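Enquirer: Here it is, the structure in full.
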Amino acid sequence: MKSITLKFIVIPILFFISTGILRSQEAISTAQWQEDLMFLQKTIHENYPFLFKKIDQTTWDAAVKELYDQIPSLEAHEIKVGLTRMVSLFEYGHTQIPFSTLAKEAVLPINLYHFEDGIFVEGIQKEHQSLLGAKVIKIGGMPILEALKAVRPVVPVENDSYFKAYGLRFLTVPSILHSQGVVATYSKDISLTLEKEGKTFEYTLTAVTLKELSRDYGFTIPTESWVSMRQQDTTPLFLKDLNEKLFFFEYLADTKTMYVRQSSVFNDEKETLQDFYKRLFAAIDANDVEKLVYDVRLNGGGNNYNNKTLIKGIMARPSINKKGSFFYIIGRNTFSACQNLTNEIENYTEAILIGEPTAENKNFYGDARRVTLPNSRINAYLSYAWWQDMPQWENKDWTIPHIAVTMTSKDYIHNEDPVLNAALNYTDTGFILNPTQHLTQLFTEGNMEQFEKDALKIAKDTSYKYADFEKEFGEAGYRIFSQGATDEGLYIMELVTRAYPESSGAWYSLASAQEQVKQLDKATENYKKVLTLDPSSTLASTVKKRLAKLSK
């Protein structure tokens, strides 16, 4: 049963509005910084022990102790980043020290976006517009992927989608870049290595204040001083009136489609969600609607008590609530109360989900309380409400789409929307919406030829790229093997190695099972493949011990 506390956490507010007024850095002594850290630790242990879900208390306390010991040798900006890391270790997006705390005084005048083909300069101040549309290769001399890995501990990451949506901005803050080792010295001047029109070059940007940025929902808002890489002659539906309306719908007569974009679960100043839903369903009933496309890819949350009317309205219309007629677009900004909405869509409707995975765990901690550190006056936000729409055993890091579709930099520049196009062009021509269920049925029926054919096809189909079929197939094979059906289990595990030939884990699982049934020559051969693929890993060390034992 859900708490009566309303869900009023909105990520843009937490990330873009400065919270608390810091005392001057000179006024805070080493002892006072350490006192703040101890206050944070004591508060979490006494009032928020339930947050120790993804990290255990011993590990977290060890990280706190390490930071405590480091504080005397750290600069103030490094301590702030360190405190932010401590809160981000819980890996719940609502549990955080806001981005603005670190970025308020110095952030690069650039907006980055992670497209399918890389990380690009999506927007920038006009004086640097020669960089617009360039691909980012390095930051401060560090390759972009290494830089992302370096700053990730500072981000309150729920999953990879959350990091794509909200993590890139952390790459633009000099204090974070220095504290996390991306740059060697702290400076407001940061060098970028970029690639544009086949040429690689370096460019140095000087940080500005956070209030000078012009962006929302992860995209640049063009102004007199800011430019976007997207051509401005037209606007795709998912960005239409984005900063004027929280939600809107439009009937696309040529495809008999009702398109809806809902970018918040809060009421708009001009219209409540309940009134919007009434208008929407009246329009659906008044038009010849064969498809409903409901787009929440930019929806960062709000009040999840607003969801019920929408769900009831869809369930009451079987003509659209059926496979192939109802499409629900999710993405890297789908978070918080909109994750609750997505859970309800999965539970109660026949929607086909399209796009990217959501930024939220299916079940999660939300509704954060502010905790102000006594000396620095830094505000931390700590979640306290557990939202569980799915059974415990069905909880996952995110909701993945049935059909994975992402946007390239060229799509964005030219105002193409491949995600919406996938919904508009979908026809039921044999696409397998539930691959695991499909393969299970084939295996149960003994249709091994079709099972093998479809399994290998699914493993390579990019439409399923967010599904962890390697893990699912491997676990299914080992489960069957452990239950005594050794031949069937070995067959599935061998099939996994064919589908994922570069996976050392798949080869190890197969070799281990073969060793158990005394297929020692095969086990030895496959253990050696693990060493070839991954010679210096922890797994390789285990394999060497296995091989030594088999050679006796």
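The values are calculated or read from the model by the stated rules, or taken from the named source; none is laboratory data. Please read these numbers as outputs of a predicted model, since none were measured by experiment. All Cβ positions, glycine included, derive from the backbone under ideal geometry; neighbour counts span all protein chains shown.
Enquirer: For segment 182-189, state whether one or more residues are assigned to a loop (DSSP other than H, G, I, E, B), of a type outside the set (Phe, Trp, Tyr), under 30 Å from residue 373 (Cβ atoms) and in contact (Cβ under 8 Å) with a residue 60 or more places away in the chain. Reasoning before the result, please.
Expert: Taking segment 182-189 as the starting set, the residues that turn out to be assigned to a loop (DSSP other than H, G, I, E, B) are 182-188.
Subsequent filtering for residues that are of a type outside the set (Phe, Trp, Tyr) retains 182-185, 187-188.
Keeping just the survivors that are under 30 Å from residue 373 (Cβ atoms) gives 182-185, 187-188.
Those left that are additionally in contact (Cβ under 8 Å) with a residue 60 or more places away in the chain: 188.
The answer is yes; a qualifying residue exists.
Enquirer: Okay, moving on. Go through (1) in a loop (DSSP other than H, G, I, E, B); (2) farther than 19 Å from residue 442 by Cβ for residue 529 and report which single condition fails.
Expert: Single failed check for residue 529: (1).
Enquirer: On the given criteria, is residue 347 outside the structural domain of residue 326 (by TED's automatic domain parsing) and either more than 21 Å from the chain's Cα centre (by Cα) or buried (at least 16 other Cβ atoms within 10 Å of the Cβ) (or both)?
Expert: Here the answer is no, as residue 347 does not meet what is asked.
Enquirer: Something else now. Only one residue in 237, 242 is aliphatic (A, V, I, L, M), at pLDDT below 95, closer than 24 Å to residue 360 by Cβ and surrounded by fewer than 22 Cβ atoms within 10 Å (Cβ to Cβ). Which one?
Expert: Values: 237 fails: at pLDDT below 95.
After applying the criteria, what remains is 242.
Enquirer: Can you run down the residue pairs with Cβ atoms below 7 Å, 6 or more apart or on separate chains, where the first is in segment 271-291 and not assigned by TED's automatic domain parsing to the domain that holds residue 303 and the partner is at pLDDT below 95?
Expert: Between residues of segment 271-291 that are not assigned by TED's automatic domain parsing to the domain that holds residue 303 and residues that are at pLDDT below 95, there is no close pair.
So that you can scan it fast, the table gives a plain yes or no per residue for (1) over 30 Å from residue 279 (Cα atoms); (2) in contact with a Gly (Cβ under 6 Å, 6 or more places away or on another chain); (3) β-branched (Val, Ile, Thr); (4) touching a residue at least 60 places away in the same chain (Cβ under 8 Å):
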| residue | (1), (2), (3), (4) |
| --- | --- |
| 315 | no, no, no, no |
| 318 | no, no, no, no |
| 356 | no, yes, no, yes |
| 359 | no, no, no, yes |
| 373 | yes, no, no, yes |
| 386 | yes, no, no, yes |
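Enquirer: Just the residues that are assigned to a helix (DSSP H, G or I), among the aliphatic types (A, V, I, L, M) and within 23 Å of the chain's Cα centre (by Cα), please, taken from segment 60-106. So that I can check it myself, show each step before the final result.
Expert: Just the residues of segment 60-106 that are assigned to a helix (DSSP H, G or I), to begin with: 60-73, 76-88, 99-103.
Right, trim to among the aliphatic types (A, V, I, L, M) and you get 62-64, 67, 71, 76, 79, 81, 83, 86-87, 102-103.
81, 83, 86, 87, 102, 103 - these are the residues of segment 60-106 that are assigned to a helix (DSSP H, G or I), among the aliphatic types (A, V, I, L, M) and within 23 Å of the chain's Cα centre (by Cα).
Enquirer: Let me ask something additional. Would you check which residues across segment 42-59 are within 27 Å of the chain's Cα centre (by Cα) and within 17 Å of residue 97 (Cβ to Cβ) and list them?
Expert: Answer for segment 42-59, where residues must be within 27 Å of the chain's Cα centre (by Cα) and within 17 Å of residue 97 (Cβ to Cβ): 44, 48, 51, 55.
Enquirer: Which pairs have Cβ atoms under 8 Å, sit 6 or more apart or on different chains, and link a residue in segment 228-239 that is in contact (Cβ under 8 Å) with a residue 40 or more places away in the chain and more than 14 Å from residue 133 (Cα to Cα) to one that is aliphatic (A, V, I, L, M) and surrounded by 11 or more Cβ atoms within 10 Å (Cβ to Cβ)?
Expert: 236/420; 237/420; 238/298; 238/329; 238/419; 238/420
Enquirer: If you don't mind, another one. Checking residue 484 against (1) within 30 Å of residue 121 (Cα to Cα); (2) in a loop (DSSP other than H, G, I, E, B); (3) modelled with pLDDT under 95, only one condition comes out false. Which one?
Expert: (1)
Enquirer: Do the conditions hold for residue 192, that is, is it outside any loop (DSSP other than H, G, I, E, B), over 30 Å from residue 262 (Cβ atoms) and free of Cβ contacts under 8 Å to residues at least 40 places away in the same chain? Give the steps one after another, and end with the answer.
Expert: Details: outside any loop (DSSP other than H, G, I, E, B): yes; over 30 Å from residue 262 (Cβ atoms): yes; free of Cβ contacts under 8 Å to residues at least 40 places away in the same chain: no.
It is false that residue 192 is outside any loop (DSSP other than H, G, I, E, B), over 30 Å from residue 262 (Cβ atoms) and free of Cβ contacts under 8 Å to residues at least 40 places away in the same chain.
Enquirer: If residue 214 meets every condition in (1) in contact with a Gly (Cβ under 8 Å, 6 or more places away or on another chain); (2) exposed (fewer than 15 other Cβ atoms within 10 Å of the Cβ) apart from one, which number is that one?
Expert: Status for residue 214: all satisfied but (2).
Enquirer: What is the number of the single condition among (1) touching a Lys or Arg at 6+ places or on another chain (Cβ under 8 Å); (2) part of a loop (DSSP other than H, G, I, E, B) that residue 401 does not meet?
Expert: Of (1) touching a Lys or Arg at 6+ places or on another chain (Cβ under 8 Å); (2) part of a loop (DSSP other than H, G, I, E, B), only one is false for residue 401: (1).
Enquirer: Scan segment 274-287 and tell me whether some residue there is under 26 Å from the mean Cα position of the chain (by Cα) and crowded, with 21+ Cβ neighbours inside 10 Å. Don't jump to the end; show me each part of the working.
Expert: Filtering segment 274-287 down to residues under 26 Å from the mean Cα position of the chain (by Cα) leaves none.
No, every residue in segment 274-287 fails to be under 26 Å from the mean Cα position of the chain (by Cα) and crowded, with 21+ Cβ neighbours inside 10 Å.
Enquirer: Looking only at segment 242-286, count how many residues are small (Gly, Ala, Ser) and part of a strand (DSSP E or B). Before you say what the answer is, go through the steps one by one.
Expert: In the first step, residues of segment 242-286 are kept if they are small (Gly, Ala, Ser); the result is 253, 263-264, 282-283, 286.
With the extra rule that they be part of a strand (DSSP E or B), the set shrinks to none.
So the count comes out to 0.
Enquirer: Residues that are within 30 Å of residue 422 (Cβ to Cβ), in contact with a helix residue (DSSP H, G or I) (Cβ under 9 Å, 6 or more places away or on another chain), buried (at least 18 other Cβ atoms within 10 Å of the Cβ) and not charged (D, E, K, R): does segment 475-490 have at least one?
Expert: yes
Enquirer: Here is a check on your reading of the model: is residue 100 surrounded by 15 or more Cβ atoms within 10 Å (Cβ to Cβ), touching a strand residue (DSSP E or B) at 6+ places or on another chain (Cβ under 7 Å) and of a type in the set (Ser, Thr, Tyr)?
Expert: On the way: surrounded by 15 or more Cβ atoms within 10 Å (Cβ to Cβ): yes; touching a strand residue (DSSP E or B) at 6+ places or on another chain (Cβ under 7 Å): no; of a type in the set (Ser, Thr, Tyr): yes.
Against the criterion (surrounded by 15 or more Cβ atoms within 10 Å (Cβ to Cβ), touching a strand residue (DSSP E or B) at 6+ places or on another chain (Cβ under 7 Å) and of a type in the set (Ser, Thr, Tyr)), residue 100 does not qualify.
Enquirer: Looking at 398, 386, 393, which one is buried (at least 19 other Cβ atoms within 10 Å of the Cβ) and closer than 30 Å to residue 44 by Cβ?
Expert: Details: 386 fails: buried (at least 19 other Cβ atoms within 10 Å of the Cβ); 393 fails: buried (at least 19 other Cβ atoms within 10 Å of the Cβ).
Just one listed residue meets the conditions, 398.
Enquirer: For residue 324, which of the numbered conditions (1) farther than 24 Å from residue 419 by Cβ; (2) surrounded by fewer than 18 Cβ atoms within 10 Å (Cβ to Cβ) fails to hold?
Expert: In the conditions (1) farther than 24 Å from residue 419 by Cβ; (2) surrounded by fewer than 18 Cβ atoms within 10 Å (Cβ to Cβ), residue 324 misses (1) alone.
Enquirer: Looking only at segment 219-233, how many residues end up being surrounded by 14 or more Cβ atoms within 10 Å (Cβ to Cβ) and not hydroxyl-bearing (Ser, Thr, Tyr)? Show your work before the answer.
Expert: Residues of segment 219-233 surrounded by 14 or more Cβ atoms within 10 Å (Cβ to Cβ): 219-222, 226-230.
When the remaining residues are screened for being not hydroxyl-bearing (Ser, Thr, Tyr), the result is 219, 221-222, 226-227, 229-230.
The qualifying residues number 7.
Enquirer: Here's another thing I want to ask about it. Please return the ranges of helices (runs of 4 or more DSSP H) entirely within segment 414-474 where 2 or more residues are surrounded by fewer than 17 Cβ atoms within 10 Å (Cβ to Cβ) and modelled with pLDDT under 95.
Expert: Details: elements: 418-424, 435-445, 448-460.
The qualifying helices (runs of 4 or more DSSP H) are 435-445, 448-460.
Enquirer: Determine which member of the set 324, 331 is small (Gly, Ala, Ser) and over 28 Å from residue 157 (Cβ atoms). Walk me through it before giving the result.
Expert: On the way: 331 fails: over 28 Å from residue 157 (Cβ atoms).
Criteria check complete, one pass: 324.
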